[in-house]
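Pasting a structure below so you can have a look.
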Ligand SMILES: C[S@@+](CC[C@H](N)C(=O)[O-])C[C@H]1O[C@@H](n2cnc3c(N)ncnc32)[C@H](O)[C@@H]1O
């Protein structure tokens, strides 16, 4: 059977798609991303029984508007993640950040952690594994909450289901954690309930104000800021600083930084990728 699907897009429809993505998820679709559009939107177009990408984007003018906006935005988002991604941030969390937050919060013995673009859950579950390991020693008597959010319900469904393929558990997950926290079944590796129950998943769009989510001691916002344009990036960083507790710490991805975008956070000079609110950094003399 020949594929009669037309993958081209008129400049006007590319512009419409770009505007819609910026509004819904903040994705900054630059001029040279047609290959991404072609590969990611074909399945959606076919599911809606459209024969071309132009028909799909024309659909944004019709009655399916709201559902289509979400389906397209979710399909265009990059969910790439894996357990203990980049390893170092998780070592920094355990050995640098956690001891300092415990010192700051010793009177309440509460720690609130937020993974603000958690994708399919590997990042918050990695943190939960570290916390579980310390719960009967260093963290005995402490209450740790992990909130994980993403704008995509589709990816959150996978995160909540917490079933991972052989490929996914082979990427970065130490074998002793696999043995301890997962059960192998026909459909994949299931995260055990005690670990699943340590993470609360919620839908949250970083373009919105996070004030209703609470206040946090540690925020992970990794490998997502580079999809936004600089005004949105600045707004997000300012919003994150607004919900960060005093002496809280922010993790960004290896290819991301606050430099030239926002003064809300500054880098901790000894800890690459870890940031504090600028006023706290100056107080603690940790600035770079
Ligand atoms: C590349 S993944 C990063 C996942 C994880 N933080 C990591 O570093 O492995 C980016 C995630 O950001 C989410 N995302 C994109 N735009 C978003 C937005 N406006 N609000 C919340 N999440 C968003 C995507 O759905 C995707 O799951």
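Considering the range 1-30 alone, what residues qualify as being more than 16 Å from the ligand (Cβ to nearest atom), exposed (fewer than 12 other Cβ atoms within 10 Å of the Cβ) and outside any helix (DSSP H, G or I)?
1, 2, 3, 4, 8
While we're on this one: Does residue 185 satisfy the condition of being assigned by TED's automatic domain parsing to the domain that holds residue 270, in contact with a helix residue (DSSP H, G or I) (Cβ under 9 Å, 6 or more places away or on another chain) and either away from the ligand (no atom under 12 Å from the Cβ) or touching a residue at least 12 places away in the same chain (Cβ under 8 Å) (or both)?
So residue 185 fails the test.
Checking the condition modelled with pLDDT of 95 or more and surrounded by 19 or more Cβ atoms within 10 Å (Cβ to Cβ), which residue from 223, 203 passes?
Unique residue meeting the criteria: 223.
Residue-by-condition table, conditions (1) in a helix (DSSP H, G or I); (2) closer than 26 Å to residue 28 by Cα; (3) within 16 Å of the ligand (Cβ to nearest atom); (4) assigned by TED's automatic domain parsing to the domain that holds residue 26:
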{"site": "220", "(1), (2), (3), (4)": "no, yes, yes, no"}
{"site": "234", "(1), (2), (3), (4)": "yes, yes, yes, no"}
{"site": "245", "(1), (2), (3), (4)": "no, no, no, no"}
{"site": "257", "(1), (2), (3), (4)": "no, yes, yes, no"}
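Can you tell me which residue among 50, 35, 96 is more than 24 Å from the chain's Cα centre (by Cα) and either over 30 Å from residue 267 (Cα atoms) or in a helix (DSSP H, G or I) (or both)?
50
Each row is one residue, and each column tells you yes or no for (1) within 16 Å of the ligand (Cβ to nearest atom); (2) at pLDDT 95 or above.
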residue	(1), (2)
32	no, no
38	no, no
41	yes, yes
52	no, yes
60	no, no
92	yes, yes
98	no, yes
144	no, yes
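I'm trying to understand the selection: among the residues of the range 218-236, which are free of Cβ contacts under 8 Å to residues at least 60 places away in the same chain and out of contact with any helix residue (DSSP H, G or I) (no Cβ under 8 Å at 6 or more places or on another chain)?
If the condition is that a residue be free of Cβ contacts under 8 Å to residues at least 60 places away in the same chain and out of contact with any helix residue (DSSP H, G or I) (no Cβ under 8 Å at 6 or more places or on another chain), then 226, 230, 231, 234, 235 are the ones that fit.
Return the residues of the range 66-93 that are in a helix (DSSP H, G or I) and within 30 Å of residue 38 (Cβ to Cβ); say none if nothing qualifies.
Once the filter is applied, which keeps residues that are in a helix (DSSP H, G or I) and within 30 Å of residue 38 (Cβ to Cβ), the range 66-93 yields 66, 67, 68, 69, 70, 71, 72, 73, 74, 75, 76.
Can you tell me which of 265, 228, 251 is farther than 24 Å from residue 95 by Cα and crowded, with 20+ Cβ neighbours inside 10 Å?
Step by step, each of 265, 228, 251 is checked, and only 228 is farther than 24 Å from residue 95 by Cα and crowded, with 20+ Cβ neighbours inside 10 Å.
Taking the conditions exactly as written (more than 16 Å from the ligand (Cβ to nearest atom) and either within 21 Å of residue 144 (Cα to Cα) or part of a loop (DSSP other than H, G, I, E, B) (or both)), does residue 205 satisfy them or not?
Taking the combined requirement at face value, the residue does not satisfy it.
Take the conditions at pLDDT below 95 and either surrounded by 15 or more Cβ atoms within 10 Å (Cβ to Cβ) or in contact with a helix residue (DSSP H, G or I) (Cβ under 7 Å, 6 or more places away or on another chain) (or both) and apply them to residue 257. Does it pass?
Yes; evaluated as a whole, the condition is true for this residue.
While we're looking at this one, here's another question. May I ask you to verify whether residue 65 is away from the ligand (no atom under 16 Å from the Cβ), touching a helix residue (DSSP H, G or I) at 6+ places or on another chain (Cβ under 7 Å) and more than 30 Å from residue 170 (Cβ to Cβ)?
For residue 65, the condition - away from the ligand (no atom under 16 Å from the Cβ), touching a helix residue (DSSP H, G or I) at 6+ places or on another chain (Cβ under 7 Å) and more than 30 Å from residue 170 (Cβ to Cβ) - is not met.
The values are calculated or read from the model by the stated rules, or taken from the named source; none is laboratory data. In this text the structure is predicted, and so the values were computed from the model without any measurement. Neighbour counts run over all protein chains shown; Cβ positions are idealised from the backbone, glycine included.
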